[in-house]
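The structure under discussion appears below in the form of structure tokens.
Quick note: the coordinates plus some simple rules give every number you see, no bench work behind them. This structure is a prediction, so every number in the text was calculated from the model and none was measured. Glycine also receives a Cβ, built like all others from the backbone with ideal geometry; neighbour counts cover every protein chain displayed.
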Amino acid sequence: MAAMNDPLAAPTAGATPSRYIPGSGSAHRHVVVVIVNDRPGVLNRVSSLVRARNFNIESLVVGHTERPGISRMTITLQGDDFAVEQMGKQLYRLVDVLKVQDMPQEHLVEHELALVKVRTTNRDRAEVLRIIELYKGRVIDVAPDSLIVEHSGTEQEIDSLVALLAGFGIRELVRTGTVAMARGSGVVDVEGILRSGTVPAVPESIAARVAASTAPATITIEE
């Protein structure tokens, strides 16, 4: 009887071992970089695929890279490692996606920009300015009853500043979302991606021919 209650005892022959179910791991924050051709509709296709995989996008930032015609998306979301990996494989199936990389959290530099319009009065304006100076923010507009504060930093730093300013009353808040880059010598090499030819960019001439070949035919009826 004692052996049956012993947690270190070997499992019985008929016991079924627990199995790992893909996608059932603990969800945590991921910063995913997607290099794409700068073409109409690419953003919609990428975001639609991410949504179809049942991810809630916390932030999505798109901007130009050092190569004309190539854009970089930075997507911040919550998910387990297996599910994010599968999403990346699905993204590679999109024609204009050139590279997908889940950035390592331990070797990452990330920032976002926030503009905060905070309510102020003559009585508390000096205190608000002290908080802004403590966080190395910048006042970019002053009105009789408010200030506009600009601050850049990590997501946690901006959350902390917003929490303090909320005590005075926030009238408006806008945040850009996270942009990120690997520390040290690690890079997402756009030129190397294009040189490798593993996922080549589709030339405009070919894209135009494909679009023309798939366009519905026009039938002319002669009288």
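Amide hydrogen proximity for Asp80: with H placed 1.01 Å from N in the peptide plane, the residues at 5 or more positions away or on another chain lying under 5 Å are His28. With θ taken as phi - 60° and the Karplus curve 6.51 cos²θ - 1.76 cosθ + 1.60 applied, the whole-hertz 3J(HN,Hα) list for the stretch 183-196 is 6, x, 8, x, 9, 9, 7, 5, 4, x, 4, 5, 5, 5 Hz, x standing for glycine and proline. Ignoring lysines fewer than eight residues from Lys99 along the same chain, the ones with Cα atoms less than 24 angstrom from its Cα are Lys89. Restricting the stretch 41-133 to GluC sites (Glu not before Pro) that sit in a DSSP loop and have at most 16 other Cβ atoms within 10 Å of their own Cβ leaves Glu66.
Under a model in which nothing but the beta-carbon of Lys, Arg (+1) and Asp, Glu (-1) is charged, the stretch 89-141 shows a dipole of about 200 debye around its Cα centre. For the stretch 131-143, 3J(HN,Hα) computed residue by residue from phi via the Karplus equation (6.51, -1.76, 1.60; θ = phi - 60°) reads 5, 4, 5, 4, 8, 6, x, 9, 8, 10, 7, 10, 10 Hz, glycine and proline entered as x. Within the same chain, lysines fewer than 8 places from Lys117 are excluded, and of the rest, those with a Cα less than 24 Å from its Cα are Lys136.
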